[in-house]
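Trainee: Handing you this structure, nothing more for now.
The values are calculated or read from the model by the stated rules, or taken from the named source; none is laboratory data. The structure displayed is predicted, hence computed values, not measured ones. When we count neighbours, we look across all protein chains shown, and the Cβ atoms used for this are built from the backbone with ideal geometry, even at glycine. Each accessible area value is taken on the protein alone, full model and side chains, heavy atoms only, with ligands, DNA and RNA left out. Shrake-Rupley method; radii C 1.70, N 1.55, O 1.52, S 1.80 Å.
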Amino acid sequence: ALLLWEACIIPSLLQGASTWVEISAIKKLNNLQNWFTRLILRVGPGTPLAALGWETGLMDMKLRIYKEKLSMILHLKDLDDQSLASQIYREQLDKGWPGLAKETKEICEELHIEDVNATTMNKSEFKRLIKGAIQTKHEANLREESQGKTKRTSLICNLN
């Protein structure tokens, strides 16, 4: 079920997420993911969210969107200078306009990584950096969320 979620549902839910601005649906997306996780694990609504995250490894939707946005910038940087998307991206950078370039700079600051707009790393190196930073942020979020809570048994044992 988790494989289907990751392979089929997530791409559909986050279609075009790299271009979303001022996202207000993150809570709804996370609620949907948590509902699905509870359903497949057969646990109640009182199950701590941190426990669901640790057991399944499913990433917070906000971090998934961050990854999409950073990957989009890497793509835009590789485009020919004559393409419209590249011209718009460069104009955003030069003028400091609100948009994807400015938003990804703030995302990089939050993840404590080099600015994707100014990096000299190649695409594969930066994608590895993104993956590591997002995983670190995800684990930090789960640790923060689980502060003061104890886990008695594994949720997976409920599947038997």
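Trainee: Placing +1 on the Cβ of each Lys and Arg and -1 on the Cβ of each Asp and Glu in the chain, which of S12, T37, A101 has its Cα farthest towards the positive end of the resulting dipole?
Mentor: About the Cα centre, the residue reaching furthest to the positive side is T37.
Trainee: What is the magnitude of the charge dipole of region 39-113 about its Cα centre, with +1 placed on the Cβ of each Lys and Arg, -1 on the Cβ of each Asp and Glu, and no other charges, expressed in debye to the nearest 20?
Mentor: Taking the Cα centre of region 39-113 as origin, the dipole is about 240 debye.
Trainee: Tell me, what ³J(HN,Hα) does each residue in region 93-102 have, in order and in whole Hz, if you take phi through Karplus 6.51 cos²θ - 1.76 cosθ + 1.60 with θ = phi - 60° and put x for Gly and Pro?
Mentor: Result, rounded to whole Hz: 5, 5, 8, x, 5, x, x, 4, 4, 5.
Trainee: Take the solvent-accessible surface of the protein heavy atoms, probe 1.4 Å, and return the percent of it on the chain that carbon and sulfur atoms account for.
Mentor: 54 percent
Trainee: May I ask you to derive the relative contact order of the chain, considering only C-alpha pairs under 8 Å and at least 6 residues apart, and to give it as an integer percent?
Mentor: So the answer I get is 28 percent.
Trainee: Subtracting the Cα-Cα distance from 0.36 nm times the residue separation, let me have the gained length for I40 to T120 in nm, one decimal.
Mentor: 24.5 nm
Trainee: While we're here: Would you mind working out the magnitude of the charge dipole of region 14-160 relative to its Cα centre, with +1 at each Lys and Arg C-beta and -1 at each Asp and Glu C-beta, to the nearest 20 Debye?
Mentor: 800 debye
Trainee: Something else now. Determine ³J(HN,Hα), in whole Hz, for all residues of region 68-75 in sequence, where each value follows from phi through the Karplus function 6.51 cos²θ - 1.76 cosθ + 1.60 and θ = phi - 60°; x replaces Gly and Pro.
Mentor: 4, 5, 5, 5, 5, 4, 4, 5
Trainee: Go ahead and collect, in residue order, the members of region 116-137 whose backbone nitrogen is under 15 Å from a label point 7 Å along the Cα-Cβ direction of S83.
Mentor: Under 15 Å, as judged by backbone N against the label point of S83, lie 123 of region 116-137.
Trainee: Need the list of aspartates and glutamates near K69 for cross-linking: C-alpha distance under 15 angstrom, and skip anything on the same chain fewer than eight residues off.
Mentor: The reachable aspartates and glutamates, counting only those whose Cα sits under 15 Å from K69, are E22, D60, D78, E103, E106, E109, E110, E114, D115.
Trainee: How far is helix 123-145 tilted off the main Cα axis of the chain, in degrees rounded to 10, range 0 to 90?
Mentor: 40 degrees
Trainee: Of the listed values [x] 1.19; [y] 1.26; [z] 1.15, grab the one calculated as Cα Rg over 2.2 N^0.38 Å from the structure here.
Mentor: Working out Cα Rg over 2.2 N^0.38 Å from the coordinates points to [x].
Trainee: Considering only G53, Y89, A118, whose Cα is most displaced toward the positive end of the charge dipole of the chain, charges sitting on Cβ of Lys, Arg (+1) and Asp, Glu (-1)?
Mentor: G53
Trainee: Here's something else I'd like to know. Give a quick list of trypsin sites (Lys or Arg not before Pro) in region 1-58 that DSSP marks as loop, anything other than H, G, I, E or B, with at most 12 other Cβ atoms within 10 Å.
Mentor: Here the sparse-neighbourhood loop sites are R42.
Trainee: By average Cβ neighbour count within 10 Å, what is the ranking of 102-111, 5-14 from highest down?
Mentor: 102-111, 5-14
Trainee: Given the pairs K27/K123; K95/K137; K28/K77; K77/K102; K27/K131, which are separated by over 26 angstrom at their Cα positions?
Mentor: K27/K123; K95/K137; K28/K77
Trainee: With a probe of 1.4 Å, find how much accessible area the chain has per residue, and write the answer as a whole number in Å².
Mentor: 62 Å²
Trainee: Still on this structure, please answer the following. Just how large is the dipole of region 70-111 about the Cα centre, in debye to the nearest 20, putting +1 at every Lys and Arg Cβ and -1 at every Asp and Glu Cβ?
Mentor: 80 debye
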